[in-house]
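Take a look at the structure set out below.
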Amino acid sequence: MKLGEIARLLGGRLEGGDPETPITGVAPAGAAQAGDLTFFANPKYLAALRGSRASAALVPSDFAEEIPVARIYVEKPSVAFAEVAARFAPAPIRFAPGVHAAAVVSPEAVLGSEVSIQAGAVIEAGARIGDRTFVGAGAYIGHEVQIGSDSVIHPNVSIRERCRVGCRVIVHCGAVIGSDGFGFELVEGRHRKIPQIGIVQIDDDVEVGANVTIDRARFGRTWIQEGVKIDNLVQIAHNVVVGKHSIIVAQVGISGSSELGSYVTLAGQVGMVGHIRIGDRAIVAAQAGVSKDIPPGEVWWGSPALPMKEAKERLALSNRLPKMLERIKRLEAEIEKLRDQKNEGE
């Protein structure tokens with residue numbers, strides 16, 4: 001592609017460069033070479049951009065810094081860069097439709113048209129696989145599972161009995177959907193298992209990361225709604241509801257019967273107790289421990305989690321505690337000295 005073509009594709013404004021300049025790849029500013037396109041979306045990387053060897057950079061519309069490369073001004077450089085990067089990405093691997101000879105598919109399973117089932121996959125009785133869906137090597141699709149069309153179930157995924165997966169869903173390697181919820185009652189000194197008879201329902205356009213575990217409900221469903229994106233190593237317990245288009249980053253743990261509204265963001269390693277609700281468009285920052293409801297649209301942080309402003313104020317105060325303690329000790333010593341002097345004068 002040429003630089004001018006990219007500017008037109010993105011609806012951007014080109015400055016400081018020749019529209020005929022060939023662009024042959026994409027790269028981050030610090031690694032880019034001649035022929036590469038890079039982008040700038042975070043002030044932390046301004047120094048890298050200033051020293052970049054890229055042929056051009058996508059920059060925000062209000063960008064005013066002097067840099068040694070051509071600039072294409074766009075509204076959202078990161079989004080625009082992703083659009084261009086897709087043009088240079090390797091073609092996705094396409095598996096031919098059909099069932100591999102080493103797969104085990106029950107005669108009572110129903111496969112749609114152009115389905116691809118790879119070696120070692122197991123499809124149990126009553127399972128239904130939608131048109132053009134891919135099931136990778138070693139995946140397990142349990143009894144009466146339903147998977148919609150155009151979905152991708154990567155190798156070694158387990159989807160347990162009766163669970164529901166929508167259309168255009170991507171489930172990455174090692175994920176387990178529909179394992180038993182963690183339910184026990186202490187009876188006569190022993191932990192008695194409570195049957196978990198519900199399911200997991202995953203709606204359309206969801207992406208589930210590698211080694212994610214989503215437990216089936218005790219009753220009813222654990223529900224991952226449309227457009228949710230889940231990073232690797234996340235645990236979602238029984239009867240949780242994750243609202244539409246929410247983002248859950250790596251190593252989050254959500255306890256049973258909690259509910260997330262739509263467009264919620266949980267950053268890395270957030271932990272949630274059970275039976276609480278996080279409102280629409282709320283954000284919970286990394287490593288927060290959430291023990292109570294969070295209202296819609298608020299940003300919380302800390303452990304226990306608090307509104308961001310309050311959490312930062314408490315952190316600033318705790319950072320001053322060592323000096324405050326030293327001052328208190330000095331004051332105590334002075335008070336003790338004055339008390340001794342008073343006693344001597346009596």
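Odds and ends about this structure:
- Net charge over other residues, Cβ less than 9 angstrom from the Cβ of Gly302 (K, R count +1; D, E count -1): +1
- Sequence-distant aspartates and glutamates (8 or more away, or on other chains) whose Cα lies within less than 17 Å of Lys193: Asp180, Glu185, Asp215
- Of all DSSP beta bridges in the chain, antiparallel share, percent nearest 5: 15
- Once both labels are positioned 7 Å from their Cα atoms along Cα-to-Cβ, the gap between Glu20 and Asn232 label points is 4.6 nm.
- For the chain, the Stokes-Einstein estimate of translational diffusion at 4 °C and a viscosity of 1.567 mPa s comes to 54 µm²/s, using the Kirkwood hydrodynamic radius over alpha-carbon pairs.
- With R₀ fixed at 30 Å, the C-beta to C-beta distance from Leu331 to Lys309 puts the FRET efficiency at about 0.45.
- Computed over region 70-193, the range of Cα coordinates on each principal axis works out to 74, 42, 20 Å, biggest value leading.
- For region 3-88, the square roots of the Cα gyration tensor eigenvalues, ordered a ≥ b ≥ c, give a/c below 1.5, which places it in the rounded category.
- Close amide H contacts of Val212 (hydrogens built in the peptide plane, cut-off under 5 Å, sequence separation of 5 or more or a different chain): Ala175, Val176, Leu233, Val234.
- Estimated FRET transfer efficiency (Leu9, Ala34; beta-carbon r; R0 25 Å; 0.05): 0.75
- Here Glu83 and Arg320 are evaluated by their C-beta separation; at R0 = 45 Å the FRET efficiency comes out at 0.45.
- Extending 7 Å from Cα along the Cβ direction at Asp280 and again at Val187 yields two label points whose distance is 4.3 nm.
- D (Stokes-Einstein, µm²/s), Kirkwood Cα radius, region 194-290, 0.890 mPa s at 25 °C: 192
- Dipole of the chain, positive direction: furthest Cα of Pro92, Gln269, Gly345, with charges on the beta-carbon: Gly345
- Charge dipole (debye, nearest 20) of region 95-155; +1 at Cβ of Lys and Arg, -1 at Cβ of Asp and Glu: 100
- For Lys229, the lysines whose Cα comes closer than 22 Å to its Cα, not counting residues fewer than 8 places off in the same chain, are Lys76, Lys244.
- Cα-projected label distance for Gln269 with Asp62, points at 7 Å along beta-carbon direction, nm: 3.3
Throughout, read-outs are computed from the coordinates displayed, never taken from laboratory work. The shown structure was predicted, so the numbers you read here are calculated from the model rather than taken from an experiment. For neighbour counting, all protein chains shown are included, and Cβ atoms are generated from backbone atoms with ideal geometry for every residue, glycine included.
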